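Okay, structure first, notes after.
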Amino acid sequence: MTTTQDWNEKELVENRIIEQLKRLGYTYIHGSYLEGERQTLRDVVLEQRLSDAIKRINPWIDENNLRKVVRDITHIEAASLMEANEAIHDDIVHYISVEQDLGKGKKNQTVRLIDFDNMDNNEFLVINQFRVSGVTENIIPDVVLFVNGLPLVVIECKSPFITNPIAQAVKQMGRYQSDADRLFYYNEILVCTCGQQAKYATVGAKLRHYGEWKDPYPFTVSELGTGEVNPQDVLVAGMLTKRNLLELIRNFIVYEPEGGRIIKKLARYQQFRAVNKAIDRVINAESRDDRGGVVWHTQGSGKSLTMLYLAVKLRRESKLGNPTIVVVTDRKDLDSQIAATFKRCGFPNPVQANSVADLRNLLRLGSGQTIMTTVQKFQEAEAEEDKVLSTGANIFVMVDESHRTQYKGLATNMRTALPNACYLGFTGTPIDKKDKSTTRTFGTYIDTYTIQQAVDDGATVPILYESRMPDLQIEGRSLDALFDRMFANYDKDDRERIKQKYATTEAITAAPKRIEAICLDLIDHYELHIAPNGFKAQIVAVNRETAILYKQTLDKLNAPESVVIISGNNNDSDEMKQFHLAEHLQKQYIERFKNPDDKLKFIIVCDMLLTGFDAPIEQVMYLDKSLREHNLLQAIARVNRNYDGKTYGLIVDYYGVSAFLKQALDVFHEKDVRGVMMPVESELPRLQSRHRAAMRFFDHVNSDNLEACIRVLEPEDVRTEFDLAFKRFAQSMDLVMPSPLANPYRDDLKFLGKIRLAARQRYRDEEMDISDCGAKVKQLIEEHVRANAIEVLHDPIDILSSRFNEYVDGMLSDEAKASEMEHAIRHEIRVKLDENPVHYMSLKEKLEKLIADWKEHRLETVQLVLHLQELIREDIQGYNTTQSTSGMVREQRPFYDLLRTELPSGSHDDEQLTDLTQIVVEDVSTLQKVRDWTTKEDVQREMRSRIKRQLRAAKCPSDKLEAVTQQIMNLAKVHFKA
């Protein structure tokens, strides 16, 4: 039966994509038509089309090599989906090598699977309802895009009228990847869409990794059509036009090791746009001097990868020949960081200049290199002949953090050394409105991506601030008053003498009494707000001496483990030298800090690690230093990186910077720094609206009646909608707690949490587990449940448990007993259906009839309870504890039930049916001996043949033969996994 929901999905979403892709030049074919081109449903590559494309693109290839290449592509041996995916991507982008004689002896020749240079030499297909055989069942993705017979894009469509359509689509995409991973060996892009929302990702991605594509570049939104343009239309136009799809595959995908595993990364829309606009400017500039420009992409939005993508494209652009690429930073740690990013992502042969002399030698070697260096290595040459290192125009200099150090002597030396190079500036902060030297030096903006855009897109988390201990804050306060407070225990003469010598801002900031007061507050804040959710902190001190004092004071107060990371020099005191760390030790501490399981919780700095330091686990920065303009923007961005469970970054201000935030950022245009830091109180309006959205579900129910509240959440769509509202409310509460601002909402959070746990238990709904809430919220709810001795369990009691009947009998009302049993039975059916479809479908029909009779008042509630008890006793507990009268073992029962149902009635007595069952089960059980038999088509083909022989002998009707055989194979996959 077709539902309205199915119609909405097909008509409003799936068909709309297909029609748009047809207009973009794709050929549409229904999936069923292609089944004639495939030997089995396990074949995900259209082999003949792949073969034809290879021959078309590589006309010189002989038949042997053609067969070899097709076989290599279609028979991938890999330990994991990601390993297979990376291998195929490498074959597509970097081509395949075969040995063949083209008239000058056998030599290695390059075979291209896709013609990236001549787009029209490729075949683009859009296919819907493409069935693929999986481990447990056939999967049918809504839309698959093929290029030259390879399934490169999978699109899952959902109705815009269901709850959480994108989350449901992502979940389904995950099931597809588990069940039919071969389809995703070839995948480059995953798309989940409901029309009004559309998100993309790569294989292995979780929901949080899916992003929107908000710019149809090089089109504009107005060019997409005269009707209403929705986000799906924008994504398709921006990512899936023939040119953009091939562009993304070739130049905008990297595989990067992270945390011991490989992550596949695909560019975000602003990275794709910026790189292509830069290339367009480089190639089409009216003069050599007009080629450069500035890319301003806010910090945390992937600037290093944007530079990598641009380098890849510069290297591949045929019009540029074989350019030299120079990546320039102004700090050693940034130089190493970018070099590491290029190397991790497989960029070919990036070389890090080790010294001034090494840089000069590298630049004199000629074109084709990629060189990483700091600007400091462009020192002024003593000899005139050493000043100009290359006059080549085919040199592209990408300068990171180009708002710093690019206007003085070192930058002049660089431009003297490379006078005809193209200079491209990258910055994570906006350009000063008063100081235009960045754009004057590099050229006008190529692309901008603001702080607010990054937060809106989820590329970064918002940064909030909290001003603490204002009576100790330095900024804007009288130094005399603060001095008198800090040195109150000295007599008048000593105070006067100290004041004359030390009453500077830094001295007062570093007063031990002040630092101790802050450390006590800081520890309390960290343990209440930050530690419960597993995040870490950075402390910024006014100078190196104060950084050390912070470390010593924290240790004295038994704070969590901390480390001081400061620069050192030979003139330092012996005490300061104790805190010097060799470079390799600094790296070790930083890696420990990034490790969520490590006990190192605080990094204390004064200047180091305020720029270019990327530790997503850092949620809070305790700021005790005056920072302004670029320095402030750079520093606070340490807390804006995405991380599991992290919804915001926090600046705790002990210095008073936030009170003068407007002045601190006054050098920028207001629109450019919109949303840069918001007070914690700014969350209050959102908390209020989210609280109301969650509480409205129970407006017309007695909140003291737990059973009535649980009943409200019985419909699955209502439960899903409530769960989303609760998570949003809990997220805002987790942000605000334990501030007094949260107090008016604490009791309602406890109430809703209790209902959520009870509904999870009753309806066996695993999605409602509170483990996905912040630790502060979880703790509050769990303490409330324990303190009130509420009978709410974290895990429902299994229907087969001896405790189940006792638990149901203890319920106070027949309605509660009936509801608990009904949903326990539904859960058992859902979990066990694949084990024995015949038995559990029969049980489902019995249950539905009972519920229908009760709803239509043909049964009283007390009668329903009795019938449900009987159903559980006979059809579930009885079925699971007894064997058949014929003496079959339990694993044979599902096959027996299937054959009894499908073979003609009366054609076999019980003994004959038992014998047939035992023969079939003995046959299929031998599959356990074959490793990974569920993925081996030849083994399955042989087994299907043997089953059909037995069924024919048992007089199975010919029109049922294929279906019964497949059902037996499905049961075998459940019961006899190798």
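Every number in this text was worked out from the coordinates using simple rules, so none of it is lab data. Only a predicted model underlies this, so the values are computations on that prediction, with no experimental measurement involved. All Cβ positions, even for glycine, are placed from backbone atoms using ideal geometry, and neighbour counts span all protein chains on display.
If you take all other residues with their beta carbon under 14 Å from the beta carbon of Q928, and give Lys and Arg +1 and Asp and Glu -1, the sum is +1. The angle between the Cα long axis of helix 544-556 and the longest principal axis of the Cα atoms of the chain comes to about 50 degrees, rounded to the nearest 10. The stretch between R415 and T861 holds 151.9 nm of extra length on full extension. This uses 0.36 nm per residue minus the Cα-Cα distance.
Restricting to DSSP H runs of at least four residues, report the calculated mean residue ellipticity at 222 nm for the chain, -39500 (n - 2.57) per run over all residues, nearest 500 deg cm²/dmol.
Values: 40 runs with 442 residues, N = 978.
Rounded to the nearest 500, it is -13500 deg cm²/dmol.
With respect to the chain, whose longest principal axis is taken over its alpha-carbon atoms, helix 837-855 is tilted by about 90°. Quick one: net charge of R23's neighbours, Cβ under 13 Å, K/R +1, D/E -1? For residues surrounding R23, the net value is 0. Taking Lys and Arg as +1 and Asp and Glu as -1, the other residues whose beta-carbon sits under 12 Å from that of A237 total +1.
Quick check: residue separation of E766 and N322 times 0.36 nm, minus the Cα distance between them. What number comes out in nm?
Numbers: separation 444, 0.36 × 444 = 159.84 nm, distance 5.57 nm.
Additional length available on full extension: 154.3 nm.
Spacing of the modelled spin labels on Q928 and A659, each 7 Å from Cα toward Cβ, amounts to 7.5 nm.
Ordering Y200, Q928, C956 by the projection of their Cα atoms onto the charge dipole of the chain, which places +1 on the Cβ of Lys and Arg and -1 on the Cβ of Asp and Glu, puts Y200 at the extreme positive end. Note on S813 and K599: their simple-model spin labels are 5.2 nm apart, each label 7 Å out from Cα toward Cβ.
A convex hull fitted to the Cα coordinates of region 802-881 yields 80 cubic angstrom per residue.
For the peptides 481-489, 131-139, residues were scored by their other Cβ atoms within 10 Å and the scores averaged per peptide; the highest-first order is 131-139, 481-489. Apply the a/c threshold of 1.5 to the C-alpha gyration tensor of the chain and tell me whether it is rounded, prolate or oblate. Since a/c reaches 1.5 but b/c is at least a/b, the shape of the chain is classed as oblate.
Determine which residues of region 46-83 fall in the zone a paramagnetic label at Q100 would reach in this model, i.e. backbone nitrogen under 16 Å from the point 7 Å along Cα→Cβ. Under 16 Å, as judged by backbone N against the label point of Q100, lie 50-73 of region 46-83.
Would you please give the FRET efficiency between R485 and R208, computed as 1/(1 + (r/R0)^6) with r the Cβ-Cβ distance and R0 = 41 Å, to the nearest 0.05? Can you show the working numbers first?
Working: r = 46 Å, r/R0 = 1.13.
So the FRET efficiency works out to roughly 0.30.
Among E47, E716, the ranking by other beta carbons within 10 Å of each residue's beta carbon, starting with the fewest, stands as E716, E47.
Among E527, E475, E14, E806, rank each residue by its count of other Cβ atoms within 10 Å, from fewest to most, as a rough exposure measure.
In increasing order of surrounding Cβ atoms, one gets E806, E527, E475, E14.
Close amide H pairs (under 5 Å, H built 1.01 Å from N) link Y95 with no residue at least 5 positions away or on another chain. Using the alpha-carbon positions of region 267-457, Rg (one decimal) and Dmax (whole number) come out as 15.6, 53 Å. Here each label is just a point 7 Å from Cα along the line to Cβ, and for V974 and Q39 those points are 3.0 nm apart.
In plain terms, the residue of S304, S945 with the fewest other Cβ atoms within 10 Å comes first and the most crowded comes last, giving S945, S304. Maximal additional length on extending the E848-N394 stretch stands at 156.0 nm, based on 0.36 nm per residue less the C-alpha distance.
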